[in-house]
1. Which of the residues belonging to the stretch 263-290 are in contact with a Pro (Cβ under 7 Å, 6 or more places away or on another chain) and hydrophobic (A, V, I, L, M, F, W, C)?
2. Please name all residue pairs, on different chains or six or more residues apart, with Cβ atoms under 7 Å, provided the first residue is in the stretch 13-37 and is in contact (Cβ under 8 Å) with a residue 40 or more places away in the chain and the second residue is surrounded by 12 or more Cβ atoms within 10 Å (Cβ to Cβ) and small (G, A, S).
3. Any idea which residue in the stretch 297-328 is surrounded by the fewest Cβ atoms within 10 Å (Cβ to Cβ), counting only those that are closer than 19 Å to V274 by Cβ and among the hydroxyl-bearing types (S, T, Y)?
4. Restricting attention to the stretch 156-175, which residues are in contact with a helix residue (DSSP H, G or I) (Cβ under 6 Å, 6 or more places away or on another chain) and either over 18 Å from G113 (Cβ atoms) or at pLDDT below 90 (or both)?
5. Which number in (1) of a type in the set (F, W, Y); (2) farther than 28 Å from V292 by Cα; (3) in a helix (DSSP H, G or I) marks the one condition that F127 misses?
6. For the stretch 86-96, name all the residues that are under 12 Å from the mean Cα position of the chain (by Cα) and more than 13 Å from V278 (Cβ to Cβ).
7. Look through L252, L248, L240 and report the one residue that is in contact with a Phe, Trp or Tyr (Cβ under 9 Å, 6 or more places away or on another chain), under 26 Å from N98 (Cα atoms) and without any contact (Cβ under 8 Å) to a residue 60 or more places away in the chain.
8. For N65, only one of the following conditions fails: (1) touching a Ser or Thr at 6+ places or on another chain (Cβ under 8 Å); (2) in a helix (DSSP H, G or I). What is its number?
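The values are calculated or read from the model by the stated rules, or taken from the named source; none is laboratory data. The model shown is predicted, which means the values in this text are computed figures rather than measured ones. Here the Cβ is made from the backbone with ideal geometry for all residues, glycine too, and neighbour counts use every protein chain on show.
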Amino acid sequence: MLMTGSQRKIENRRILYAAILLPLFLLIVSLCLGTLKVSLREVLEILLARISGEPAELLTTPSANIVLNIRLPRVLLALLAGAAFSVSGASLQSLFRNPLVNEYILGVSFGAGFGAAASLVLLSRNFPPQILAFTCGLLAVALVLVISEGARNTLVAVLLTGIIVSALFQALLSALEFIASPYALQSLFFWLLGSFSQATWSDLLWSVPLILAGLAFLLKMSWRINVLSLSDDEARSLGLAVKRERILVICLATLITSAVVAVAGIIGWVGLIVPHAVRGLVGADNRLVLPVSAGLGASLMVLADDLIRTLFPFEFPVGILTSLVGIPFFLYLIRRSRATWS
């Protein structure tokens, strides 16, 4: 049954509200899950006591310590990681007018991964890995754009160059693993698989401002990303400085991706699958696609982490789980999706 324009607007508004509220609901529920079961009522009491700032005996209990210092930073990082990867993927796909483009294809993930790994292995642990992760992620994208510039088919050239640059940084990562000490190699290997298990408040202190700032700017630019998805001539006729705006979107997508990779490792498929699914729900308008992708991506990432914490007796890397689930799901979406790209 076909929907009228007004019915479609109402349906899209419902989807947007659900995408906003679902991560908040999962945040509370996720704090109850784990080896030590904590009731929903106790979680709410702990959070209210912490937010009020009043001294309370409840905050000195083992349950409060687990909820506030172990589970809460982990769940928050998972939420932000899912939102960051999804919004980054949606923005880049619209920018390059190609549903296969994501932070992996452009080399951002492996560039940022190499930068963060180099910081962990070669520099002091007091040096924030986000700085080198963002620098190398931006370097990877710059290499892709410079090498592919002037090609007859720019989009194809970008994709092929991105694959080559990703392979380059993968090789550099392998070289870094080869020279790392046994202790550093063990930590590095587990980190590269993608995990939120080591999330701390100090990690969030560095990453959260970068992720939130990047997400806010990209969401604010959603209309301009719509225009950038048109041809260059059409975008210029609407008064947009195409090259400057395109570079800004790429830098913001690199920033939020690098900020996550620096603390959680390389986690794939989220930035490819979620925007593809969202466009099947709400269409191609980025004013809806970006916020809905943020909410759905955050929810899926938290659910994946919850499955790991409840079903596995050991710490299973979330990056492996997203790949195992993501690949068949993406093949299903390719067959069933009716998303439009015009």
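1. Within the stretch 263-290, V289 is the sole residue that qualifies.
2. Close Cβ pairs (under 7 Å, with a partner that is surrounded by 12 or more Cβ atoms within 10 Å (Cβ to Cβ) and small (G, A, S)) amount to A19/G295; I20/G295; L22/G295; L22/S299; P23/G295; P23/A298; P23/S299; L26/S299.
3. The extreme case among them is S323.
4. A157, V158, T161, G162
5. With respect to (1) of a type in the set (F, W, Y); (2) farther than 28 Å from V292 by Cα; (3) in a helix (DSSP H, G or I), F127 is out only on (3).
6. Result: S88, single match.
7. L248
8. Going through (1) touching a Ser or Thr at 6+ places or on another chain (Cβ under 8 Å); (2) in a helix (DSSP H, G or I) one by one, N65 breaks only (1).
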